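Visitor: Handing you this structure, nothing more for now.
The values are calculated or read from the model by the stated rules, or taken from the named source; none is laboratory data. These figures come from a predicted structure and were not determined experimentally. Please note: Cβ atoms are built from the backbone with ideal geometry, for glycine as well, and neighbour counts cover all protein chains shown. For the accessible areas, the whole protein counts, side chains as well, though only heavy atoms, and no ligand, DNA or RNA atoms are used. Shrake-Rupley method; radii C 1.70, N 1.55, O 1.52, S 1.80 Å.
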Amino acid sequence: MNAKLFKQTSLVVMMSAVLSGCGAFSTLDEVVPDNTQKYRKAETMPPLDVPPDLSTVRINDDIAGTDDSTATYSEFEEAASNPLAAKYNLTPEKKPSLAGEGRSRHLVVPGDREVTWQRIQEFWANKGLEIDRIDGRIGLMDTVTDADGYAYRVRMERGDTSKMAEIYLNATDETQANSQKNEATLRDMADYLGSLYQEDVAKVEAQKPAPAPEETAQVFLMDDENGQQSLVVEQDFQTVWRRVGRVLDSKGFAVEDRDRSRGYYFVRYIDPFKEIEEDDEGFFSSLAFWRDDAEKNPQEYYYIKMNSEATDTRVMVLDAEENRTSSDTAKRLLNLIQEQLAP
């Protein structure tokens, strides 16, 4: 094959490859169309509607594991379907509540089931309806007909726990069942049982022993060695630690550090009496709690130290070097704490 023929053959092969490639691209474009222009024209959808009392902030906080006072959607549904929640202010896991829809509509009642069964009988008596027949073994109770010729059937089943009952209400003759009448009566029963349950809760709370008030503890000012003083509080360390912390906060101390394991608060305290003694410029100079760091000095810093001694707790004042001090300022600090802790 001469050179001229070789060149012609190569040109034909190259043109065939180009034409084949164009066909391939055409086929690919049909399978995966170019939607670039459509993407450019895409619009943002409007935000989803949020149910009443459910803020987007609450949604984000729930994801992050934080807490907020905004109502959740489940709480919104609960308030709408359960009339006893707001009326008796009972906790969600321990209150009578209406549940289910249609034929599954029922009342969930916490407490002993035998007590609930007896109270249902009392409910009918208060409505002026006698019991036609009753079988506590299977939890069935039929009433006589009311003024409208309507007789009720109560079915009580075991709830999720042994101290929970589910109450279903219908007509003895299901062919004459009136859903509106059943719902109204079930709500009346819920109100009746709910009020009694609230009384039960109040009785239990009343029988609980009242906690001993912290203010009844005796506080003694003790004279120790070398003119030093300390307070002995007839309470355990944990209680005294908490109470002393509240005293420091309420009296405006600047708590620079605290270490419960070592039992101390490191505070800054500018003794107003000491300021008056050392500074003749006037009373208001003693109120300069805001002085710059450069003006600070060790005489303004103290450790309020607590040691556990059996059932009592000893409170001492140490200087900035954690040494016991017999200074007048330390004694005034102890007197101030004693005034706040004493009964």
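Visitor: Just to verify a number: FRET efficiency for residue 157 and residue 238, C-beta to C-beta distance, R0 = 51 Å, to 0.05? Provide the component values of the computation, followed by the final result.
Guide: On the way: r = 47 Å, r/R0 = 0.92.
It comes to 0.60.
Visitor: Roughly how big is segment 107-184's charge dipole about its Cα centre, with Cβ charges of +1 (Lys, Arg) and -1 (Asp, Glu), in debye to the nearest 20? Walk me through the numbers on the way to the answer.
Guide: Values: 10 positive and 15 negative charges, 45 e Å.
About 220 debye.
Visitor: R0 = 56 Å: FRET efficiency of residue 126 with residue 310, Cβ-based, nearest 0.05? Intermediate values should be presented prior to the final figure.
Guide: Values: r = 58 Å, r/R0 = 1.04.
E between residue 126 and residue 310, to the nearest 0.05, is 0.45.
Visitor: Principal axis lengths of segment 171-213 from Cα atoms, whole Å, largest first?
Guide: 62, 15, 8
Visitor: May I pose another question? Rolling a 1.4 angstrom probe over the protein heavy atoms, how many square angstrom per residue are accessible across segment 139-209? All intermediate terms of the calculation are to be shown ahead of the outcome.
Guide: Values: 4010 Å² over 71 residues.
Accessible surface, normalised per residue, equals 57 Å².
Visitor: Additional query: Note down, for segment 97-207, the three equivalent ellipsoid semi-axes (square root of 5 times each alpha carbon gyration tensor eigenvalue), biggest first, whole angstrom. Walk me through the numbers on the way to the answer.
Guide: Values: eigenvalues 112, 44, 36 Å².
Rounded to whole Å, the semi-axes are 24, 15, 13.
Visitor: Compute the length gained on full extension between residue 148 and residue 176: take 0.36 nm times their separation in residues and subtract their Cα-Cα distance, giving the result in nm to one decimal. If you can, show how the numbers build up before the last one.
Guide: Working: separation 28, 0.36 × 28 = 10.08 nm, distance 1.18 nm.
Using 0.36 nm per residue and subtracting the Cα-Cα distance, I get 8.9 nm.
Visitor: Going 7 Å from the Cα of residue 246 in the Cα-to-Cβ direction, what parts of segment 322-343 have a backbone nitrogen less than 16 Å from that spot?
Guide: So the set is 337-343.
Visitor: Probe radius 1.4 Å, ligands and nucleic acids ignored: give me the carbon and sulfur share of the accessible area of segment 97-207 as a rounded percent.
Guide: Values: 2870 of 6410 Å².
Whole-percent figure for carbon plus sulfur exposure: 45.
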